[in-house]
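Notes follow the structure.
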Amino acid sequence: MLGAALALAALAAGTRAVRAEYGDVVMNAYSTEAGMRPVVFPHWFHRVRFRCKVCHGDLGIKFQAGGNQINMLKIIDGQFCGACHDGGVAWSVESCNLCHSGKPGLPTQVHESTIQKLTAPGQKQAGSAARK
């Protein structure tokens, strides 16, 4: 109940940039060039409700930030996020600001992942080239 009230308050407040939290995935492969804010995907919010298999198996989402080429045409077609965000299971694509809520210009990344915390600043992670 409190969560629903907070969500409604956020909607009433208008479109404001949110701060990505631990484990969130910022997606900005196409948003900035389309004149939209980056998407902040709340990974753990979804993870506590669904097993990994739902998105990473059944929906075909790769375990790689930026590796899925998710765009609005695919979502509207029912792929990726659009499998649930159809107006029935979850809000529909008309609620742009609920997903496109990141600070303008944020790069595609997994925010504050464990590996980012463990590596020294400026140090390259093993396999980091493959992640980009």
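Laboratory data are not the source of any read-out in this text; all were calculated from the coordinates shown. Just so we're clear, the structure is a prediction, and the values are computed from it rather than from any experiment. Note that each Cβ is placed from the backbone with ideal geometry, even for glycine, and that neighbours are counted across all protein chains shown.
Using Cβ contacts closer than 10 Å as the measure, can you line up Met72, Met27 from fewest to most?
By the 10 Å Cβ count, ascending, the order reads Met72, Met27.
Could you list Leu59, Leu106, Leu73 so that the one with the fewest beta carbons within 10 Å of its beta carbon is first and the one with the most is last? Before the final figure, lay out each step's value.
Numbers: Leu59 17, Leu106 20, Leu73 10.
Placing the least packed residue first, the sequence is Leu73, Leu59, Leu106.
With a cap of 16 neighbouring Cβ atoms within 10 Å, and only residues DSSP puts in a loop, list the trypsin sites (Lys or Arg not before Pro) found in the stretch 41-106.
Passing sites in the stretch 41-106 are Arg49, Arg51, Lys62.
Neighbour counts of other C-beta atoms within 10 Å: give me Tyr22, Tyr30 arranged from fewest to most.
Tyr22, Tyr30
Over 5 Å intervals from 0, what percent of Cα-Cα pairs in the stretch 41-118 sits in each interval?
With 5 Å bins starting at 0, P(r) equals 3, 12, 21, 28, 23, 9, 3, 1, 0.
Can you compute the modelled spin-label distance between Gln64 and Trp91, with each label point 7 Å from Cα toward Cβ, in nm?
For the pair Gln64/Trp91, the computed spacing is 3.1 nm.
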